[in-house]
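Right, one structure below, let's go through it.
Read-outs throughout are calculated quantities, based only on the coordinates presented, and are distinct from any laboratory measurement. Here the structure is a predicted model, which is why all the values come from computation and not from measurement. A quick note on method: Cβ atoms are made from the backbone with ideal geometry, for glycine too, and the neighbour counts reach across all protein chains shown.
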Amino acid sequence: MAGEDPIVAGMAGRYASALFELAREAKTVDAVKGELDRFAALVAESPDLKRLVRSPVFSAEDQLRAVTAILARAALGSLVGNFLKLVTTNRRLYAIGDMIKAFGVLYARHKGEVTAAVTVAEPLGDRQQRALEEALKSVTSENVALTVTVDPAIIGGLIVKLGSRMVDTSLRTKLNSIRQAMKGSG
């Protein structure tokens, strides 16, 4: 599968693509995206749910009971509900985070957006985030959806991945470059 987007490749990509096609046929792409984001937020907020999703210790039946109860309380639509139940029954719940990310990539493409993964040392303020989005938009001539990750280990600067391109202006990388240059000159 040469040229296939690595984010929507593999098992998670196949599940996400299938869900996206069903959502597109039903004209519910926006609703499905919102519901998947809500489910991802529920997982992120609950250590118990995160453990249920990731742990192979739970049986498919236990996971299915728990997911069914969550779906009832979260009032997620039938398409997302059926999808989550299928994923659970097929013992693929551990990959739901990757499936949601892959769906997000497909959604962004559908909306004419480019997704940029940005790693920063400290959280960005609203003004900084808008300025970064505008700068990336001027480079790509498309709307840019940012996925921001905070990693204090980069010390400062930022790392931007936009499609197959990556720009690393992190202080950690610059310090490593200086260290390498000094080893070579001594």
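The table that follows gives values for the structure above.
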quantity: Charge dipole (region 113-185, unit charges on Cβ, about Cα centre) - positive-most of Val167, Ile178, Pro152; calculated: Ile178
quantity: Calculated FRET value between Leu124 and Arg91, using beta carbons and R₀ = 30 Å, to 0.05; calculated: 0.20
quantity: Reported label for calculated Cα extents along the principal axes in Å given [x] 56, 39, 35; [y] 47, 37, 26; [z] 63, 39, 38; calculated: [z]
quantity: Highest-MSF residue in the chain out of Ala60, Ala117, Ala75 [GNM, Cα springs under 10 Å]; calculated: Ala75
quantity: Lys, Arg +1 and Asp, Glu -1 on Cβ, resulting dipole of region 113-185 about Cα centre, debye, nearest 20; calculated: 420
quantity: In degrees, nearest ten, helix 171-185 long axis to first principal axis of the chain (Cα); calculated: 40
quantity: Which of Thr140, Thr88 has the fewest Cβ neighbours within 10 Å, and the rest in rising order; calculated: Thr140, Thr88
quantity: Span from the region 87-161 Cα centroid across to the region 13-50 one, whole angstrom; calculated: 16
quantity: R0 of 25 Å, Cβ-Cβ distance Arg65-Ala18: FRET efficiency to nearest 0.05; calculated: 0.55
quantity: In order through region 75-87: 3J(HN,Hα) via Karplus (6.51 cos²θ - 1.76 cosθ + 1.60), integer Hz, x for Gly, Pro; calculated: 6, 7, x, 5, 5, 5, x, 5, 4, 5, 5, 5, 4
quantity: Relative contact order computed over region 6-107 (Cα-Cα under 8 Å; 6+ residues apart), in percent; calculated: 48
quantity: Table column - 3J(HN,Hα) (Hz), region 125-139, Karplus curve with 6.51, -1.76, 1.60, x for Gly and Pro; calculated: x, 4, 5, 5, 5, 4, 5, 5, 4, 5, 5, 5, 5, 5, 6
quantity: Between helix 10-25 and the chain: long-axis angle, C-alpha atoms, 0 to 90°, nearest 10; calculated: 60
quantity: Most mobile of Leu42, Leu93, Leu146 in a GNM of the chain (Cα contacts under 10 Å); calculated: Leu42
quantity: Check: the chain dipole with +1 on Lys, Arg Cβ and -1 on Asp, Glu Cβ, in debye; calculated: 340
quantity: Mean ellipticity per residue at 222 nm, deg cm²/dmol - from DSSP H runs of n ≥ 4 across the chain, formula -39500 (n - 2.57); calculated: -19500 deg cm²/dmol
